[in-house]
């Protein structure tokens, strides 16, 4: 069978079970039948590598096989086209026939720029088979505009970038955006921009349609009001009847603006045109209406508004207070103080509110008019957001310390947010609105209350770290302006947590130190316990283990909790002794299980599995891994499962199953990159390199360990630095580069000593001993061997796959004994 035939057979086998893992053995049989190659797994791996280059679908390495992920269709974000769109054929023809990468439509408010842009997008969408993106940047709205970082984050997720892999910095986002679009044909619709910016793709094959009130560039289409004929056609579509004279006067009084004509058409559904015209002429408006387009919109709005039932009028005035881009019925009901379904439907029928699915929005001009009605400002919308954000946070992480929530009205709409799925869905629907509410709150407590409530949501929806930083900084500014020390501490801690989640450990440290310092000034043991525990985690990530353990013990002294017990166990995994790490881990597991904390139980089980990798009890590693898999749920997030895959790879390496260990390690690297978790990727590359070195592929191993070292240094990830340097020493010793090996081992030993990484230091010192022995320096080799033995005895470090087995220490029985 030719190579092409084998590739076709492999593709058929994967496609037959698309989305499901197909076992390595089954794939080998499908491709080679009864005559498999001598080394079937490497041969299968090479075939998969070639197949990945020839098909558009993604082929993912799973624990026991490969899984084909059929290429998903591109994003389809275009708003619905207006069924009664009329005219603009000249402009449409010019724009549709242009080969420019930016199609700009400019003009005054209410002239129909968005309607034209949407009609154009639907007309040319077939040219862009890889999808269409859309965002309303709200550049001229009363509330805060959508920032480029926020919009790019949404675009990247829509284009298939894992939420955890969305960068923080704008430059990095733009680079990833353009790299993701390269080779694709995607249409991007940018509505209400103030200037051309980084959202314009500037990638061959992609086109941006842009609308703005500002002049943007040469060659743009400047949109004017509708012609008499086009306006008449629109009235026909709207079902407006009357004499030619009356219709002409209506068009004139509406200043030929589509928005004003649509509002008038909705209002005329049950009125005679002559009566409406008489009202529209009233108040001496005629001269102004002939000149000012805004006044025409205001006139038609006022007539429609006056004709509404009282509750609909009241709701419309309140809707101007919505700070974000859209809202649901529940938000409208919160504002109105009763079920808003009926009044909201009346506003939609009057063309004063736009409905898209379950979400509603206002045209920028109508929002401004609603604000101008002088309706008293209410806090009920903020309170609605706070009530539900707090409920979502408690469902997502009930153990997380949080600021107290003030008493809230009992009649606020409360969503069913009793589980993780519903909580995350609510958060995704309302995130932009809550962020806007925080930004418009100014120096009011709601700024930090909403931010604190959203912390758990941001932890699980890690693709929105930009919004997290934005709200935490706004909350911090509000707390400082009002002199609220407790809130300031909470916002500093929130910033620290956001930095931690972004692997910015050095930036997280001063935020948590500030939070602890501020909290010590107040009698708030619950907050102090939480902040000390998190400060300990940051010290741990930075390799300051003694300080990490001290902070965590101080947290435990205030009050014991499974979180604090688990975190201290993790620190002792590196600091030692390992028997104490096991003891704390088992206690954390016991408490988590008794309290019914599913996530806590899963993390404790996984932590104990990792700890026993270093005690040499591989039977317990397998047992804890299996138990963790039984209780884990999808809501734990991709990082949890990625780390589990890496742990399994290390276990299989230690057990000598190198082919399986290699496949698992490569998958863990992919998963780490997908969820933008530097620690997972570093650990995966370290394990993969160890496997390759054991297979005699030392040069490939060194490449993996160099990449792991570079990532670790960039993130200030001390454990990764020590482990990478130690493995590089082994790689170069295998390659005969003894001087380089000695340099790497020495640096690993020094870095481990500086960070008190005593468990990892065992292997580093062991490598020093082996390298000195290879150099013929037997006295130094013996000195380092004795140091390693002393460290191993003090920490309890074992492990057949490391240099520990060459140090003369007794090993545990193969079955764990």
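Per-residue answers, yes or no, for (1) surrounded by 20 or more Cβ atoms within 10 Å (Cβ to Cβ); (2) in contact with a strand residue (DSSP E or B) (Cβ under 6 Å, 6 or more places away or on another chain); (3) outside any helix (DSSP H, G or I); (4) without any contact (Cβ under 8 Å) to a residue 60 or more places away in the chain:
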{"position": "684", "(1), (2), (3), (4)": "yes, no, no, yes"}
{"position": "687", "(1), (2), (3), (4)": "yes, no, no, yes"}
{"position": "690", "(1), (2), (3), (4)": "yes, no, no, no"}
{"position": "693", "(1), (2), (3), (4)": "yes, no, no, yes"}
{"position": "696", "(1), (2), (3), (4)": "no, no, yes, yes"}
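Take segment 335-360 and flag every residue that is within 20 Å of residue 432 (Cα to Cα) and surrounded by fewer than 20 Cβ atoms within 10 Å (Cβ to Cβ). Residues satisfying the conditions are 354, 355, 356, 357, 358, 359. The residues of segment 203-243 that are assigned to a loop (DSSP other than H, G, I, E, B), closer than 17 Å to residue 92 by Cβ and in contact with a strand residue (DSSP E or B) (Cβ under 9 Å, 6 or more places away or on another chain), listed by number, are 219, 220, 223.
Name every residue in segment 161-194 that is surrounded by fewer than 19 Cβ atoms within 10 Å (Cβ to Cβ), within 16 Å of residue 75 (Cα to Cα) and out of contact with any helix residue (DSSP H, G or I) (no Cβ under 6 Å at 6 or more places or on another chain), in order of residue number. Within segment 161-194, 178, 180, 182, 183, 184, 185 meet the criteria.
Quick check: anything in segment 239-255 within 18 Å of residue 82 (Cβ to Cβ), at pLDDT below 85, buried (at least 18 other Cβ atoms within 10 Å of the Cβ) and within 43 Å of the chain's Cα centre (by Cα)? No - not one qualifying residue is present in segment 239-255. The residue that is surrounded by the fewest Cβ atoms within 10 Å (Cβ to Cβ), among those in segment 30-42 that are in a helix (DSSP H, G or I) and at pLDDT below 80, is 42. When 433, 464 are checked against the criterion of being touching a strand residue (DSSP E or B) at 6+ places or on another chain (Cβ under 9 Å) and in a helix (DSSP H, G or I), 433 stands alone in meeting it. Against the conditions (1) within 30 Å of residue 396 (Cα to Cα); (2) over 26 Å from the mean Cα position of the chain (by Cα); (3) in a helix (DSSP H, G or I); (4) not assigned by TED's automatic domain parsing to the domain that holds residue 729, residue 606 satisfies every one except (2). Taking the criterion of being in contact with a helix residue (DSSP H, G or I) (Cβ under 7 Å, 6 or more places away or on another chain) and either farther than 18 Å from residue 432 by Cα or assigned to a loop (DSSP other than H, G, I, E, B) (or both), the residues of segment 380-402 that qualify are 395, 396, 397, 399, 400, 401, 402. The C-beta contact set for segment 532-559 (first residue farther than 20 Å from residue 401 by Cα and not assigned by TED's automatic domain parsing to the domain that holds residue 401, second residue at pLDDT 90 or above and not in a helix (DSSP H, G or I), distance under 9 angstrom, 6+ apart or interchain) is empty. Surrounded by fewer than 19 Cβ atoms within 10 Å (Cβ to Cβ) and not assigned by TED's automatic domain parsing to the domain that holds residue 423: is that true of residue 629 in this structure? Yes; evaluated as a whole, the condition is true for this residue. For segment 125-139, the criterion of being outside the structural domain of residue 464 (by TED's automatic domain parsing), in a helix (DSSP H, G or I) and surrounded by 20 or more Cβ atoms within 10 Å (Cβ to Cβ) is satisfied by no residue at all.
Listed here are the residues, each with its yes/no results for (1) touching a residue at least 40 places away in the same chain (Cβ under 8 Å); (2) outside any helix (DSSP H, G or I); (3) more than 19 Å from residue 551 (Cβ to Cβ).
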| residue | (1), (2), (3) |
| --- | --- |
| 573 | yes, no, no |
| 584 | no, no, no |
| 592 | no, no, yes |
| 600 | yes, no, yes |
| 613 | yes, no, yes |
| 621 | no, no, yes |
| 629 | no, no, yes |
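The values are calculated or read from the model by the stated rules, or taken from the named source; none is laboratory data. Everything numeric in this text was worked out from a predicted model, so none of it was measured. Glycine also receives a Cβ, built like all others from the backbone with ideal geometry; neighbour counts cover every protein chain displayed.
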